[in-house]
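The values are calculated or read from the model by the stated rules, or taken from the named source; none is laboratory data. The structure displayed is predicted, hence computed values, not measured ones. Don't worry about glycine lacking a Cβ; one is built from the backbone with ideal geometry, like all the others, and counts go over all protein chains shown. Please note that ligands, DNA and RNA were not included when accessible areas were found on the heavy atoms of the full protein model with its side chains. Shrake-Rupley method; radii C 1.70, N 1.55, O 1.52, S 1.80 Å.
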Amino acid sequence: MYSGEYDPAQIQAAHFNLATYVRGEKGVRPTQQQEGWGVIGYTTSTADMSALRASNAVATYSGIDSEYTPMNLTIRFGNGTWDGSWNGGADGYVSTQTTASGSTMLKGNVGFNVTNGTITGSTFSATAGNISATDGTILAGSAVQGAFFGPVVGSGATAGPAAAGGVVDIRKTVTAPTQVQQPAAVRAVAEGPKTYTNGRYVAPFLAIHNSIRRNND
């Protein structure tokens, strides 16, 4: 998340970025670098989740994933369902990478929507049948897995856990891309919308309850 957007102690979760290196000879700079991004924290208690279900609370969250794709969630605790949107449902600036096995990995702002995902205890999920995109086709094997972190914040009908985080694993085909406007800083480092077949996008995400976000821009 952007610096200063949330207090890890308050939400009892945080994103982290790990880097590993492949070293050459002694004293020689690493020749390869690999980075990883993830979410770690304390999941919301069973008692708090039960209270939210009983109160039929509906909470909203905003955040980003490891590719800095903007995303938001609407969580309906009463009936145990949720909706979400990554990049407004359509790709922004995306690049493709071909792996050694010939598969296509996607980097950048991959867009999709989730409708009526499932909440189970302090976790939430969605499968391909609940995932769609306005600019392409979501393929079998796509999934979102996440959990709720921290204490309940907000009050009344909009209360909810302080944070929601997890990972998306999206398989998508785009044959007629549509432009989703992105900030200049993003345009400078990624390609525009493009066509691809059976591309895979894997990215951890962290979203903060909108009542405690420090920045809303």
What are the residues in the stretch 134-152 that are of a type in the set (A, V, I, L, M), open to solvent by 20 Å² or more (accessible area, probe 1.4 Å) and either modelled with pLDDT under 95 or farther than 21 Å from N56 by Cβ (or both), if any?
I138, L139, A140, A143
Enumeration of residues in the stretch 153-168 that are open to solvent by less than 50 Å² (accessible area, probe 1.4 Å) and either touching a Gly at 6+ places or on another chain (Cβ under 8 Å) or acidic (D, E) (or both):
V153, G154, G160, P161, A162, A163, A164, G165, G166
Just give me the residues in the stretch 82-117 being of a type outside the set (D, E, K, R), surrounded by 14 or more Cβ atoms within 10 Å (Cβ to Cβ) and closer than 22 Å to T44 by Cβ, in sequence order.
W82, G84, V114, G117
For the stretch 66-81, enumerate the residues that are modelled with pLDDT of 95 or more, open to solvent by less than 40 Å² (accessible area, probe 1.4 Å) and over 17 Å from A162 (Cα atoms).
T69, G78, G80, T81
For the stretch 41-65, enumerate the residues that are open to solvent by less than 50 Å² (accessible area, probe 1.4 Å), small (G, A, S) and more than 15 Å from P151 (Cβ to Cβ).
S62, G63
Verdict on A184 being in contact with an Asp or Glu (Cβ under 9 Å, 6 or more places away or on another chain), of a type outside the set (D, E, K, R) and modelled with pLDDT under 55
no
Would you check which residues across the stretch 187-208 are in a loop (DSSP other than H, G, I, E, B) and modelled with pLDDT under 55 and list them?
A188, V189, A190, E191
